[in-house]
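**Student:** One structure follows; several queries about it will come next.
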Amino acid sequence: MFIETETTPNPASLKFLPGQQVMPSGTREFASPEAAEVSPLAQAIFDTGEVVLVFFGGDFVSVTAAPGADWSALKPQVVSILLDHFVSEAPLFVGGDASGISVPAEDAELIVEDDPENADIVAQINELLETRVRPAVAGDGGDIAYRGFKDGIVYLTLQGACAGCPSSTATLKHGIEGLLKHYVPEVTEVRAA
């Protein structure tokens, strides 16, 4: 087995591609060792002591190093952990599967309640996020969660490698906002939630 690695726009994060499925559906982000206790793989990565975020995508794992961590030392440790996990076919979550664990799309709390009158607009926004934005953000080792639409403003949260990326504001303001404004004229702004 071979684990590929890719850089991400976030210099603190690397994307690891094991060449097989990681999450059967959805994504999962672990922002602390305590949160990672439900996943032996995420826990093992946190146990390196130099990791602040682990993110599982469909076919990748993004890892964000702590400030001051040295990727030249950390990368081989993470690759070794991933190889051990996938070669042994160990379960991704305690209990053997992801049942009972919410993925962001279901777990994401709206910060503003969607007005039922805007149902068509929200459906258009979510369709664009799913088909155009999510694949691009996943390519950079992250994901995006819809958090609401009100008064022309779309609220979104970047996750995984994208969460702490220096270019995340540019991604939201110039990339995603431009796309949504172009296809959904009711959208006037995109804000991080």
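The values are calculated or read from the model by the stated rules, or taken from the named source; none is laboratory data. Keep in mind the model is a prediction, meaning the values are calculated, not measured. A quick note on method: Cβ atoms are made from the backbone with ideal geometry, for glycine too, and the neighbour counts reach across all protein chains shown. Heavy atoms of the whole protein, side chains included, go into the accessibility calculation; ligands, DNA and RNA do not. Shrake-Rupley method; radii C 1.70, N 1.55, O 1.52, S 1.80 Å.
**Student:** Report the rotationally averaged projected area of the chain based on its alpha-carbon convex hull, in square nanometres. It would help to have the intermediate numbers written out before the result.
**Tutor:** On the way: hull surface 43.2 nm².
Average projection, Cα convex hull of the chain: 10.8 nm².
**Student:** Still on this structure: Which whole-number value in Å² is the accessible area per residue of the chain, probe 1.4 Å?
**Tutor:** Working: 9470 Å² over 193 residues.
Result: 49 Å² of accessible area for each residue.
**Student:** Starting from 0.36 nm per residue, how many nanometres of slack lie between Arg132 and Glu37 once their C-alpha separation is accounted for?
**Tutor:** That works out to 30.9 nm of additional length.
**Student:** Still on this structure, I have one more. So in region 116-192, what percent of DSSP beta bridges are antiparallel if you round to the nearest 5? Before the final figure, lay out the partial values.
**Tutor:** On the way: 8 of 12 bridges.
Taking every DSSP beta bridge with both residues in region 116-192, the antiparallel ones total about 65 percent.
**Student:** Does anyone have the angle between helix 71-88 and the longest principal axis of the chain? Alpha-carbon axes, 0 to 90°, nearest 10?
**Tutor:** It works out to around 80 degrees.
**Student:** I'd like to know how region 116-192 sits against the 2.2 N^0.38 Å rule of thumb: what's its Cα Rg over that expected value? List each step's numbers first, then the result.
**Tutor:** Working: Rg = 11.6 Å, N = 77, 2.2 N^0.38 = 11.5 Å.
My calculation over the Cα atoms of region 116-192 gives 1.01.
**Student:** For region 116-192, which whole percent of the accessible surface, found with a 1.4 angstrom probe, sits on carbon and sulfur atoms?
**Tutor:** Working: 1880 of 3620 Å².
For region 116-192, the apolar C and S fraction of the accessible surface comes to 52 percent.
**Student:** Separate question: Give me, ordered by chain and number, the residues 5 or more places off Arg147 or on other chains with an amide H under 5 Å from its own placed amide H.
**Tutor:** Distant-sequence amide H within range of Arg147: Tyr155, Leu156, Thr157.
**Student:** While we're on this one: Summarise the accessible area of region 4-88 (1.4 Å probe, protein heavy atoms) by the percent that is carbon and sulfur. Show your work: numbers first, answer last.
**Tutor:** Details: 1930 of 3640 Å².
After summing per-atom areas, the C and S share lands at 53 percent.
**Student:** Can you give the calculated 222 nm mean residue ellipticity of the chain, where each DSSP H run of n ≥ 4 adds -39,500 (n - 2.57) and the sum is split over every residue, rounded to the nearest 500 deg cm²/dmol?
**Tutor:** On the way: 6 runs with 52 residues, N = 193.
Taking each H run of at least 4 residues, the total per residue is -7500 deg cm²/dmol.
**Student:** A further question on this structure: Leaving ligands, DNA and RNA out of it, work out the accessible area of Arg191 with a 1.4 Å probe and give it in Å² to the nearest 10.
**Tutor:** That residue has around 100 Å² of solvent-accessible surface.
**Student:** Run the simple label-point estimate for Ser72 and His174 please: 7 Å along Cα→C-beta, distance reported in nm.
**Tutor:** With each label point 7 Å from Cα toward Cβ, the separation is 3.1 nm.
**Student:** Quick one: length gained pulling Asp120 to Asp47 fully straight, 0.36 nm per residue minus the C-alpha distance?
**Tutor:** Values: separation 73, 0.36 × 73 = 26.28 nm, distance 4.54 nm.
Result for the pair: 21.7 nm of gain on full extension.
**Student:** Place a point 7 Å from Cα of Val87 in the direction of its Cβ. Which residues in region 1-39 have their backbone N less than 16 Å from it?
**Tutor:** What the label zone holds, given the 16 Å backbone N cut-off, is 1-4, 18-20.
**Student:** Okay, moving on. Round to the nearest 10 and give me the degree value, 0 to 90, for the angle of helix 119-128's Cα axis relative to the longest principal axis of the chain.
**Tutor:** 40
**Student:** Roughly how many Å² of Asp140 are accessible to a 1.4 Å probe, to the nearest 10?
**Tutor:** 60
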